[in-house]
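The values are calculated or read from the model by the stated rules, or taken from the named source; none is laboratory data. Because the structure is a prediction, the values reported are computed rather than measured. A quick note on method: Cβ atoms are made from the backbone with ideal geometry, for glycine too, and the neighbour counts reach across all protein chains shown. For the accessible areas, the whole protein counts, side chains as well, though only heavy atoms, and no ligand, DNA or RNA atoms are used. Shrake-Rupley method; radii C 1.70, N 1.55, O 1.52, S 1.80 Å.
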Amino acid sequence: MKKQSNKNGYAKVLKDKVDEIALECGFYKESNNPANLSSNYRDPVLPLLISFYATTGTIGISYCKEPFKWFKGCKQKMIKDIFENPLNYV
């Protein structure tokens with residue numbers, strides 16, 4: 001039980017950090033789900049949606065309502081790059 005608690009604690013910290021990165025890059029949070037520690041972020045100009053699952057470090061990008069491209073086990077550096085240069089990943 002303690003291992004799961006530590007994982008969720010780390011995931012909450014990571015989710016908060018991703019929220020901060022997304023806001024710095026001009027995205028706004030469209031929705032979040034506290035049950036699975038996920039959030040959706042939208043670009044105010046481009047038809048771009050980024051979905052992030054903190055417990056697995058998985059981030060998905062959808063451009064023009066196309067199917068998501070998923071990146072699993074992302075580290076903070078890659079997450080930041082995805083938000084700063086999202087068109088490189090679609």
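Model label points for Tyr89 and Asn8, set 7 angstrom from Cα along the Cα-to-Cβ axis, are 2.6 nm apart. Solvent-accessible surface of protein heavy atoms, probed at 1.4 angstrom with all chains present, puts Val13, Val90 in the order Val13, Val90, largest first.
Computing Rg and the Kirkwood Rh from the Cα coordinates of the chain gives a ratio, Rg/Rh, of 0.97.
For the chain, the longest principal axis of the alpha carbon atoms and the long axis of helix 2-24 meet at an angle near 30°.
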